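Report on one structure; see the data block that follows.
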Amino acid sequence: MASISAADVRRYLASMFEDEEPRSRVTRAFDFALACLIIVNVSCVILESVESIRRHLAWTFDLVESGSTAFFAGEYVVRVWACVDLREPRYRDPLWGRLRYLRSFFALIDLISVLPAVLGFFGAADLRVLRLLRLLRMLKLVRHSTTFGLLFLVLREESRSITALLFVLLLTVTISGSLMYMLENDVQPEVFTSIPVAMWWAIETLTTVGYGDIVPMTVAGRVVGGLVSIIGIGTLALFSGLITVGFLDQLRTYREQQGKAHVVMAEKSIAIAQNFAVTGVGDPRENASLPGVCPHCGHVLALPAVRRDAGNGNEALRA
């Protein structure tokens, strides 16, 4: 029996952690367990804020926190160790590749998941701040989400358009806030006390929230308020439409790529099985992960029937 080296274990773990790889049964089980642990941990943080519950279940909360912190810390170390075998070429170097991985987005999220416990161990932060940091562990659920991945692609592809819209919003807030301060300061000096306060009113109006804490009283101020509301509705509608169209484009592209990948894998599995059926060369069990191949015996399902040509002794595939 061949011995399993540390490199083999590292490659296997890297295949589990690789987001682009097909999800095996073990990988799906690991992701499900990780998601359940995060949900339980975040639920404990929320329930711990209730004084009556914290008094009765303090020991349980401490046990869950210790166990989840140990698990997240171990996962973080293993991911850093196995990152050199990921598909990304810039992580291949044993030293600099791992340092680059430590600066990646998801590696920082993994660090955040264990950071509260580390800070608490050294007594470097207030316990209330640590509880809030523990809620950030929910970001770990984003790692294997296709929806969030597509949303990030949309934000990256439409970054210029989004930046332009944000600039329009900032310009509107600044101009309308300054104009409203000029119109309303004399009438309501205790309300519109400064331009930043008037800009807060502009943000409320642009987003159509309208808390009612700051309301213009003059006719000119109300006219400006109406114009700002209309501009806000149009700009936000344009922003949401841009995100929606971009997301639908990315979703269609993703589905097309997935469909092509399944077709290629199916054609490859059938070609291997046909070659084995005709020539007897190769072992289909080596390709048991391909679609249409039995994972137990290597038999290819739904293959064309094979008949023997009695005239020349050759085998041919029946259409």
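The values are calculated or read from the model by the stated rules, or taken from the named source; none is laboratory data. The structure presented is a predicted model; accordingly, all values stated were derived computationally and were not measured. A quick note on method: Cβ atoms are made from the backbone with ideal geometry, for glycine too, and the neighbour counts reach across all protein chains shown.
Here are a few things to note about the model shown:
- Considering (1) surrounded by 14 or more Cβ atoms within 10 Å (Cβ to Cβ); (2) assigned to a helix (DSSP H, G or I), the lone condition that Leu248 does not fulfil carries the number (1).
- Helices (runs of 4 or more DSSP H) wholly inside the stretch 1-97 that include at least 3 residues being crowded, with 16+ Cβ neighbours inside 10 Å: 6-17, 25-48, 58-82
- Filtering the stretch 188-209 to residues that are of a type outside the set (Ser, Thr, Tyr), surrounded by fewer than 16 Cβ atoms within 10 Å (Cβ to Cβ) and part of a loop (DSSP other than H, G, I, E, B) leaves Pro189, Glu190, Val209.
- Subset of the stretch 166-211 [closer than 27 Å to Ala237 by Cβ, out of contact with any helix residue (DSSP H, G or I) (no Cβ under 9 Å at 6 or more places or on another chain) and not aromatic (Phe, Trp, Tyr)]: Leu170, Leu171, Glu204
Results for (1) closer than 27 Å to Phe152 by Cβ; (2) of a type outside the set (D, E, K, R); (3) touching a strand residue (DSSP E or B) at 6+ places or on another chain (Cβ under 9 Å); (4) modelled with pLDDT of 85 or more, shown as yes or no for each residue.
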| residue | (1), (2), (3), (4) |
| --- | --- |
| Val223 | no, yes, no, yes |
| Leu227 | no, yes, no, yes |
| Gly241 | yes, yes, no, yes |
| Phe247 | yes, yes, no, no |
| Lys260 | yes, no, no, no |
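- Tabulated pairs, the stretch 162-183, first under 21 Å from Thr244 (Cβ atoms), second small (Gly, Ala, Ser) and part of a helix (DSSP H, G or I), C-beta under 9 angstrom, 6+ apart or interchain: Leu169/Gly232
- Flag: Phe106 matches the condition of being under 16 Å from the mean Cα position of the chain (by Cα) and in a helix (DSSP H, G or I).
- Residue match in the stretch 133-142 (condition: surrounded by 14 or more Cβ atoms within 10 Å (Cβ to Cβ), at pLDDT below 90 and under 21 Å from Gly246 (Cα atoms)): yes
Results for (1) under 21 Å from the mean Cα position of the chain (by Cα); (2) assigned by TED's automatic domain parsing to the domain that holds Leu111; (3) farther than 24 Å from Arg143 by Cα, shown as yes or no for each residue.
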position	(1), (2), (3)
Arg10	no, yes, no
Phe17	yes, yes, no
Ala33	yes, yes, no
Leu57	no, yes, yes
Phe71	yes, yes, no
Glu75	yes, yes, no
Ala82	yes, yes, no
Trp96	no, yes, no
Leu99	no, yes, no
